[in-house]
1. Looking at Asp136, Asp129, which is the one that is away from the ligand (no atom under 14 Å from the Cβ) and acidic (Asp, Glu)?
2. Given the criteria of a type in the set (Phe, Trp, Tyr), within 16 Å of the ligand (Cβ to nearest atom) and outside any helix (DSSP H, G or I), does Tyr274 qualify?
3. Kindly indicate whether any position in segment 405-419 is buried (at least 18 other Cβ atoms within 10 Å of the Cβ), within 16 Å of the ligand (Cβ to nearest atom) and either within 21 Å of the chain's Cα centre (by Cα) or assigned to a strand (DSSP E or B) (or both).
4. Would you check which residues across segment 431-458 are closer than 16 Å to Asp68 by Cα and either open to solvent by 10 Å² or more (accessible area, probe 1.4 Å) or touching a Gly at 6+ places or on another chain (Cβ under 6 Å) (or both) and list them?
5. Can you name every residue in segment 380-400 that is out of contact with any strand residue (DSSP E or B) (no Cβ under 9 Å at 6 or more places or on another chain), open to solvent by 10 Å² or more (accessible area, probe 1.4 Å) and in contact (Cβ under 8 Å) with a residue 60 or more places away in the chain?
6. Of the residues Gly52, Gly17, Gly94, only one is within 16 Å of the ligand (Cβ to nearest atom) and either open to solvent by less than 10 Å² (accessible area, probe 1.4 Å) or part of a loop (DSSP other than H, G, I, E, B) (or both); which?
7. Sort out which residues of segment 236-265 are of a type in the set (A, V, I, L, M) and under 16 Å from the mean Cα position of the chain (by Cα), and write them in order of number.
8. Before we move on, is Asp164 open to solvent by less than 40 Å² (accessible area, probe 1.4 Å), of a type in the set (Asp, Glu) and touching a residue at least 24 places away in the same chain (Cβ under 8 Å)?
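The values are calculated or read from the model by the stated rules, or taken from the named source; none is laboratory data. Every value quoted in this text rests on a predicted model; they were computed, and no experiment measured them. Cβ coordinates were reconstructed from backbone atoms using ideal geometry, including for glycine residues, and neighbour counts include every protein chain displayed. These area figures cover heavy atoms from the full protein model, side chains too; ligands, DNA and RNA do not enter into them. Shrake-Rupley method; radii C 1.70, N 1.55, O 1.52, S 1.80 Å.
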Amino acid sequence: MMSAEVANKLPKDFIWGFATASFQIEGSTNVDGRGKSIWDDFSKQPKKTLDGRDGDVATDSYRLWKEDIALLAHYGVKSYRFSLSWSRIIPLGGRNDPVNPKGIAFYSNLIDALLEHGIIPFVTLYHWDLPQALHDRYGGWLNKDEIVQDYVHYAKVCFQAFGDRVKHWLTVNEPWCVSILGYGRGVFAPGRSSDRERSPEGDSSTEPWIVGHSVILSHAHAVRLYREEFKAVQGGQIGITLNGDWAMPYDDSPQNVEAAQHALDVDPIYLGHYPEYMKQMLQERLPEFTPEELKVVKGSSDFYGMNTYTTHLCSGDDEFQGFVEYTFIRPDGTQLGTQAHCAWLQDYPEGFRDLLNYIWKLGRCADLDFSVTENGFAVKDESSKPIEEALQDNDRVNYFKGNTASIKAAVLEDGVDVRAYFPWSFLDNFEWADGYITRFGVTYVDYETQQRYPKESAKFLVKWFGDNVDAGDR
Ligand code: PNW
């Protein structure tokens, strides 16, 4: 019989750890044969990052990886989610281009060292750092036929090199950011947009949907390859991770209720088709899947991977056409929660619990379990404070207090089967268009010395998981 204490804890196989991504932490962009990624030059162009700084050094983790693993082990994490740099592994990116043994060796050593410390590697193949050569050669994600083949080849190289030890694969991180931020708003590399003040070329009315389509197909073909050629022997799981924030109607008017529902609609990987309202809105601008492609796309994730940060209030105008407006301000003028350093994030843990329940009900139909692969908070003014003060990251501690309580309630009271939880991020790091000004880390990084300092939030999370996950027989 389970003791009362065990029943009050998350199950012993619950995975928790911290997440990062290659371009945000590695630096050393021109060593050991690495090719350029689309973020290398983009981040060096004027006004692309808030502080004008690039990713050449970042948190220097390509050199300091042993220290980083020692810190992860000190925290006692069960797992570490990180991404592979395509440009280190195949510097020019393509299926006929050479593989770089030094790139393979770097990740191979990293994986071995994690395993030696008992830390499970959770590996993302693509976290936005496309090899520049593929963008220059044929337009990168804009060219479906070429990119699908090159991406699948890259995935195959990784399954062959690391799949004996890696049992948790994520194909792509957040297709929404890749397509909308990279090709619609143009704020992320490669920075294409119809806004000519921002970008010399690009068409925001078509390109995001072409890119989204290529990303979904690349993911799906890599999963098919894994299932056909690797899964039986290597025995891992593979899936994609999507942005998914909770959406509530601004008020109870029918168009706002509909707007919130649209904001939650899932994509072809789970539905087997694009949501109806998207087809209506975009008409011929939305690419169609051939019946053959759909067979590969539908069901192409072993689990539902979700990056979630916040909750929005949603509204649609009177003639609701599918375009959703988002706000954090309720009709009575109050804010939903504490504002983070970035505009798109407020702390609202109730929404997190609702989202966990909503996704679980959706996924149960398709027999999927799910993992929260990112969740985190950027504290206001953190970068301008002295280190000692920045380590007292109370707003982040409150955020994680609320969200860990929501996970626990969802699992133990609502019966939601969440398998993993990865706070973003292990370290302060290169926060894309925000440069180094916006910090998401549970570990403070002094960018002068590259010293790491655990913040209160790291201490809170380490203790919380120690107290709230069943330790089993260990
Ligand atoms: C995610 N938004 O990006 C990424 O996966 C991380 O690399 C990143 O550092 C982290 O969240 C924090 O930003 C997002 O505008 C970027 O809603 C923008 C949005 C959401 C997620």
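1. Values: Asp129 fails: away from the ligand (no atom under 14 Å from the Cβ).
Only one candidate qualifies: Asp136.
2. Values: of a type in the set (Phe, Trp, Tyr): yes; within 16 Å of the ligand (Cβ to nearest atom): no; outside any helix (DSSP H, G or I): yes.
No; evaluated as a whole, the condition is false for this residue.
3. No.
4. Of segment 431-458, the ones closer than 16 Å to Asp68 by Cα are 441-447, 449-455, 458.
Matches in segment 431-458: Tyr444, Asp446, Tyr447, Thr449, Gln450, Gln451, Arg452, Tyr453, Pro454.
5. Across segment 380-400, the qualifying residues are Gln392, Asn394, Val397, Asn398.
6. On the way: Gly52 fails: within 16 Å of the ligand (Cβ to nearest atom); Gly94 fails: within 16 Å of the ligand (Cβ to nearest atom).
Every option except Gly17 fails the conditions.
7. Step one: filter segment 236-265 for residues of a type in the set (A, V, I, L, M), giving 238, 240, 242, 247-248, 257, 259-260, 263-264.
Those that are of a type in the set (A, V, I, L, M) and under 16 Å from the mean Cα position of the chain (by Cα): Ile238, Ile240, Leu242.
8. Numbers: open to solvent by less than 40 Å² (accessible area, probe 1.4 Å): no; of a type in the set (Asp, Glu): yes; touching a residue at least 24 places away in the same chain (Cβ under 8 Å): yes.
Spelling it out, it is not the case that Asp164 is open to solvent by less than 40 Å² (accessible area, probe 1.4 Å), of a type in the set (Asp, Glu) and touching a residue at least 24 places away in the same chain (Cβ under 8 Å).
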